[in-house]
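Bear in mind these aren't lab numbers, they're just calculated from the coordinates by the rules spelled out. None of the values given here were measured: they were computed from a predicted structure. A quick note on method: Cβ atoms are made from the backbone with ideal geometry, for glycine too, and the neighbour counts reach across all protein chains shown.
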Amino acid sequence: MNRYPLWKNILIGIVMLWGLIYTLPNFYGEVPAVQVSSGKATLKIDAAATTRRLEESLSTAGIQHDGLFADLTSVRARFRDTDTQLKAKDAIEKAFNPDATDPSYVVALNLLSASPQWLTNIGALPMYLGLDLRGGVHFLLQVDMKGAVTKRLDATTGDLRTLMRDKNVRHAGISREGQSVVIRFRDVESQARGRAVISTSSNDLQLVEGQDGADFKITATLTPMAQKTIQEFAIKQNITTLHNRINELGVAEPVIQQQGLDRIVVQLPGVQDVAKAKDILGRTATLEIRMVDETPGALEAAMTGAIPAGTELYNERGGRPLLVKKQVVLTGERLTDAQPGFDGQTQEAAVHLTLDAAGARIFKDVTRENINKRMAILLIEKGKGEVVTAPVIRGEIGGGRVQISGRMSSEEATDTALLLRAGSLAAPMEIIEERTIGPSLGAENISKGFHSTLWGFVAIGVFMCLYYMLFGLVSVIALASNLLLLVALLSLLQATLTLPGIAAIALTLGMAIDANVLINERIREELRNGSSPQAAIATGYDRAFDTILDSNVTTLIAGVALLVFGSGPVRGFAVVHCLGILTSMFSAILVSRGLVNLIYGRKRKLEKLAIGQIWKADAN
Amino acid sequence: MEFFRIRKDIPFMKHALVFNVISLVTFLLAVFFLATKGLHFSVEFTGGTLMEVSYTEAPQLEKIRDSLGKEGYQDAQVQNFGSARDVLIRLPNREGMETGKVSEKVMASLNALEGPKPEMRRVEFVGPQVGKELASDGAMALLLVIGGIVLYLAMRFEWRFAVSAIIANLHDVIIILGFFALFQWEFSLPVLAATLAVLGYSVNESVVVFDRVRETFKKKRGLTTPQVLDHAITSTISRTIITHGSTQIMVLSMLLFGGETLYYFSLALTIGICFGIYSSVLVASPLVMWLGVSREQFMQVKKEKQEIVV
């Protein structure tokens, strides 16, 4: 009577097997590795070529590796021990970055899972450890959205001034006052014309007319829609810029994520030099537009070492040398946007730049005077410049909308646009939270968490076996399968495991045993009331089910509340807690019942259950 | 092995008044300590900088204090943490201070001291705006838990059960907080998590008892309400003690092996578990009785349900 249908047994078997496979990678530990990724925004990693180059550089240095792995952004090589890893790092560093002062690749020490390839292929990875377990720095950055809006309004002020002049509307001054732009007029007619002109040129502005003493004025504020767009753009651009900057730190697996509307989380595992990290996060890179010196013979002279005065020698992206004048035409501050797109006529890939009013005026003058000459757009980082692109000026460009096209794939256009935007932060940022965990503390936290769980589990196991005998053993096996499934689920989801997360594992196990205690007590009670062993098992499990469900739902409510409102350590706790409640429902009810069924289900004449002593009041 | 050999139902409800008075007194004491002493909030809530440094041999705290004082951090708290070789430094946020740079300055001044050199173990800096959010998020989480549980229990059982369960268990939460206020233990985010987990867990306990109450009402006729409650508590007491004992074993293991970080977390859980047993058995049940639970309510519920099904 106590038998599960075959499909149910198979289902339990499959789930357990799945749990086992996905838990496996956690047992293999990690091996030292070296990771090569791009150190410059202008450089893209080509997996096949980089792998080949890595292989060559290692074989020239006579270093054996244990396998190379390539993904979209990096190539990694595994090594037998840390000595080889360090030697290999030096060798790779030399091969990939011949000029140590200007590295194009990030060569970083890393740890890779030592699990076999087939596990990695099916997506079975070890649990993702949080910073408190592996050591590193965590920053929470607050993006100053007000700053982003102010910056935009400053640009708008200039735009409006140009607009009024172009349309011959006489005004008595345009200025930004707080979060709005105020335009003053001498008379009502100009005010009306001004309003008409502004509203046809832009729909991002809300206009309110008013009077200020003898002056007539229009107060322009950004529409909520426009403000939202600016803010979304600002945070995206800041994240892009942070990515580029963090590349320099040589961090193997940085995390840069948006949190909420106006915050960015930056996590740098393994980084101990907080000062340098902060320095790099806060730095401003700049974009400069300069003219190319095309005097015949000047470039050749520069190549031999005689660089003409007032110029500098740079390499283009393709590697060709380029002589650029030192005088700066425009800086990145004048650039308000850069987007990839297509040429309206030729359908070629193109990059569309938008300049602010002042920038547009300068650009118009410069292009008029330099038709058929080349200009260079440089990204200046760490005091070093790099030519992003050097287009030829085809004609006078007015209005601040610039298009760069020709000999560009759409992918290149996207990259260039990204680079042009990467020059500066769209809005200022401030560090509002910082957490640094030393590497020794991280390792200690792992061992502490592990030991608490282990000894707690052992103690519960011993007690259960003594108190409930065979049923106790079944409960312990169910509890172990709960642990297995929980770890498998955490590995599969790659949820970040933190110390509070480990505490949640321990606590969940401590709470999960409740279900089995309920069941075992119920079975004892049924036996005490005179039920036959088989009937006692059946009613015991059935009756206990309602209670288990109710109590788990209430616990889950608390878990979900923590998940919704928790941040940082609380969230780490809540994720594991909620998952643990779900896995415990499965293991405590299905797994333990399945085991009991396998043990007792087939015995027709069952006299006694090994569930420990049954004491009856009336027997005494 | 069997611990509980109970012949007759234990007359818990006879002493219901005594239990309720005891809880009321502990509750009022907890509120008193919370009001007079207040919680010792961790840096996560108050904002500020917290640094943990470790030395190869025990440093003199006085010297560290002096050197920090010279740097302008007169309000720095310097104390040992775990062992004499580990030092914890707390610095509050101040207006006009470049908060992000504090940890570097402190490390520099510690390095400049004579004697053993410190190793940086952990730095936590929390800006003033984050702390406020955490407090309000914590309160929201608490409200959500209370609302959710009341709703669920009212649906599954009856409003009387829901109300008494939540009152009994909120009283646990207040008592945990009272302990933290009385001993001035540090109230950090993990402790908040533990407190809310306890809330869910002890409601669990009340649910088990209430489940039995419902069953007894339906099965056994002719028992008075106190008798039903006594029977329900007596027949689940063994499970209550064993379950909580097992959970406590786990928590104890964390308390012993978990180190400083998990210490207060497991302490909160320990208090929560102990008072959880007490309150859900000896507070929630009398409350249900005072609120006037009776057999008819369950019979009615059953009928109503049938009607709905039809």
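The Cα center of the stretch B:1-64 and the Cα center of the stretch B:199-268 differ in position by 19 Å.
Per-residue packing, averaged as other Cβ atoms within 10 Å, sorts the ranges B:37-50, A:492-505 into the order A:492-505, B:37-50, beginning with the highest.
Across q = 0.27, 0.30 Å⁻¹, the stretch A:87-138 modelled as identical point scatterers on its alpha-carbon atoms has Debye log10 I(q)/I(0) values of -0.95, -1.06, in the order of the q list.
When only the Cβ of Lys, Arg, Asp and Glu is charged (+1, +1, -1, -1), the dipole of the stretch A:33-114 relative to its Cα centre reaches about 120 debye. Rounded to the nearest 500, the helix-only mean residue ellipticity at 222 nm of the protein assembly as shown stands at -18500 deg cm²/dmol, with each DSSP H run of n ≥ 4 adding -39,500 (n - 2.57).
Cβ crowding within 10 Å ranks A:Glu55, A:Glu369 as A:Glu369, A:Glu55, fewest other Cβ atoms first. Computed about the Cα centre, the dipole magnitude for the protein assembly as shown is approximately 2640 debye when only Lys and Arg (+1) and Asp and Glu (-1) carry charge, each at its Cβ.
Give the shape of the protein assembly as shown as rounded, prolate or oblate, defined through the alpha-carbon gyration tensor: a ≥ b ≥ c are the square roots of its eigenvalues, a/c under 1.5 means rounded, and otherwise the shape is prolate if a/b is larger than b/c and oblate if not. Judged from the Cα gyration tensor, the protein assembly as shown comes out prolate (a/c at least 1.5, a/b above b/c). Applying 0.36 nm per residue to the separation of A:Val564 and A:Ala535 and subtracting their alpha-carbon distance, the gain on full extension is 6.1 nm. When A:Lys605, A:Lys228 are sorted by how many other C-beta atoms sit within 10 angstrom of their C-beta, beginning with the fewest, the order is A:Lys605, A:Lys228. Simple rule: put +1 on each Lys or Arg Cβ and -1 on each Asp or Glu Cβ in chain A, find the dipole, and look at A:Leu299, A:Ile611, A:Gly319; the Cα lying farthest toward the positive end is A:Ile611. Of the residues A:Val458, A:Leu549, A:Leu109, the one whose Cα sits farthest toward the positive end of the charge dipole of chain A, with +1 on the Cβ of Lys and Arg and -1 on the Cβ of Asp and Glu, is A:Leu549. Remark: spin-label model distance B:Leu17-A:Gln64 equals 8.5 nm, labels positioned 7 Å along the Cα→Cβ axis. As a length-normalised measure over Cα pairs under 8 Å and 6 or more apart, the relative contact order of chain A settles at 16 percent.
Residues whose amide H lies under 5 Å from that of A:Leu222, counting only those 5 or more places away or on a different chain, are A:Gln206; hydrogens are built 1.01 Å from N in the peptide plane. When only Cα pairs below 8 angstrom with a gap of at least 6 residues are kept, the stretch A:392-536 shows a relative contact order of 21 percent. Kirkwood hydrodynamic radius of the stretch A:33-114, from the reciprocal of the average inverse Cα-Cα distance over all distinct pairs: 12.5 Å.
Relative to the longest principal axis of the Cα atoms of chain A, the long axis of helix A:569-585 makes an angle of roughly 40 degrees.
Multiply the residue separation of A:Leu86 and A:Thr120 by 0.36 nm, subtract the distance between their alpha-carbon atoms, and state the gained length in nm to one decimal. Extra length from A:Leu86 to A:Thr120 when fully extended: 9.7 nm. Remark: for residue pairs B:Lys8/B:Lys219; A:Lys94/B:Lys105; A:Lys146/B:Lys132, the C-alpha separation exceeds 26 Å in A:Lys94/B:Lys105. Entry note, the stretch A:146-226: relative contact order of 26 percent, from Cα contacts under 8 Å with a spacing of 6+ residues. Between the listed residues B:Leu196, B:Thr225, B:Val207, the Cα displaced farthest toward the positive end of the dipole of the stretch B:168-238, a dipole computed from Cβ unit charges relative to the Cα centre, is found at B:Thr225. Look at B:Met254, A:Met164 and count the other Cβ atoms within 10 Å of each Cβ; fewest to most, that gives A:Met164, B:Met254.
Compactness of the stretch A:285-424 is given as radius of gyration and Dmax, 14.6, 43 Å, from Cα positions. The angle between the Cα long axis of helix A:357-369 and the main principal axis of chain A comes to about 50°, on a 0 to 90 degree scale.
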